[in-house]
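Here the structure is laid out as structure tokens; the discussion comes afterwards.
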Amino acid sequence: MGRRILVTGLGSYWGGRVARALETRPDVDVIVGMDTAAPRVALERTEFVRCDETYSILARLVRATQVDTVVHAALIVDSTGSGARRIHDNNVIGTMNLLAAASASDSAVRHLVVKSSALVYGADQRDPTWFAEDTPRSAPARTSIERSLIEIEGHLQGFAEEAGGRRVAILRFANVLGEGIVTPLTRALDLPAVPVVAGFDPLLQFVAETDVVAAMAWAVGRELEGTFNVAGDGRLPWSEVIALAGKHPWPLPPLGAPLWGELLGRLRVVDLPPEVIALLRYGRGVDNRRSKEAGFRYHCSTLGAVQAHVERQRLRHAVGAEPGYRYEAEVEAFFRHSPAVVR
């Protein structure tokens with residue numbers, strides 16, 4: 001029998017794209033995706049199950065489908081638009097329900113791949129130049145998003161130690177740039193003048209969207225185990241990123257930075273939560289050597305990811321955005337099951 005895979009967060013940007021990549025693998029027999037929202041991309045053989053934010057249906061789904069692999073793509077890693085309660089329920093409670101389902105006596109799960117974030121390292125003036133996977137944070141976590149990711153990884157480490165015969169892979173991704181990706185940094189780069197913290201020019205690291213999807217599929221295919229940083233080679237000063245985008249800096253006072261970050265959000269200029277403000281002060285770099293040594297091959301460096309983003313940005317402003325995909329159950333059922341469709 002081939003692999004049987006469950007993808008959480010199928011309706012997220014990443015869940016749908018990872019499922020689509022897994023559909024091309026001949027060694028995968030079954031893909032089931034679950035989320036509170038419908039998929040954002042067209043899928044050919046992934047079955048969609050709607051659920052609540054805490055994934056309370058997980059135990060039944062894992063038992064009924066006998067999946068052997070779970071790709072956990074449901075974690076919130078951008079706090080804009082999400083309160084502390086929603087972040088905790090989705091990230092912490094949802095992951096705990098997942099681990100309970102995966103460790104049940106009637107579970108067939110043997111491999112768990114988790115999409116995490118370099119946010120677990122934080123951003124502080126005492127940081128090293130590069131964070132390795134075992135480098136501790138320089139300062140305690142101050143935001144709900146960082147605390148949730150750290151707590152989740154603690155639960156995952158405990159699960160990995162206790163679950164005999166089951167493998168856990170945690171992928172910590174740097175800031176992502178790609179087609180259709182919207183983050184505080186991409187919103188900032190869309191402005192005529194890009195916010196900077198006066199007196200700071202942090203070194204930032206990016207990873208291309210194609211490398212994120214490829215890394216998730218690679219981790220599944222290799223049945224990877226352990227924690228891995230995933231980021232493009234090199235770092236760039238924020239001022240150089242702004243220059244490459246053809247924009248001008250907008251210096252904002254370093255004193256009371258979280259307050260003006262919140263004010264910009266309220267004015268609907270750009271939402272810059274505290275963890276992003278810290279990044280725009282101190283930057284962050286993660287060492288990607290472990291993922292390379294395990295066999296992953298990157299398509300883009302940090303510079304390449306930024307250059308590709310700038311080209312997409314110019315094209316979008318010139319011709320407009322392409323119409324997005326809209327999931328409709330009846331339409332999907334027709335294309336999958338109708339005898340009129342030539343297969």
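General remarks:
- Over region 89-140, the reciprocal of the mean inverse Cα-Cα separation, the Kirkwood hydrodynamic radius, stands at 13.8 Å.
- Accessible surface, per residue, of region 1-54 when the full set of protein chains is kept, probe 1.4 Å, Å²: 41
- Taking amide H atoms as placed 1.01 Å from N in the peptide plane, the amide H of Ile76 lies under 5 Å from those of Asn91, each 5 or more residues away in sequence or on another chain.
- Residues Ala21 and Asp134, FRET efficiency given R0 of 41 Å [Cβ-Cβ distance, rounded to 0.05]: 0.90
- Assigned charges on the beta-carbon of Lys, Arg, Asp, Glu; the chain dipole about Cα centre (debye): 300
- Per atom type, the chain shows carbon and sulfur on 54% of its accessible surface, probed at 1.4 Å.
- Counting only alpha carbon atoms, the long axis of helix 144-162 and the longest principal axis of the chain meet at about 40°.
- 15 Å reach of a label modelled at Arg142, 7 Å along Cα-to-Cβ, counting backbone N of region 223-257: 254-257
- Of the residues Ala214, Val310, Gly16, the one whose Cα sits farthest toward the positive end of the charge dipole of the chain, with +1 on the Cβ of Lys and Arg and -1 on the Cβ of Asp and Glu, is Val310.
- Note that region 183-253 presents 34 Å² accessible area per residue, ligands and nucleic acids not counted, probe 1.4 Å.
The values are calculated or read from the model by the stated rules, or taken from the named source; none is laboratory data. Bear in mind that the values here come from a model prediction, so they are computed numbers and not experimental data. Every residue, glycine as well, gets a Cβ built from its backbone with ideal geometry; the counts of neighbours run over all protein chains shown. Heavy atoms of the whole protein, side chains included, go into the accessibility calculation; ligands, DNA and RNA do not. Shrake-Rupley method; radii C 1.70, N 1.55, O 1.52, S 1.80 Å.
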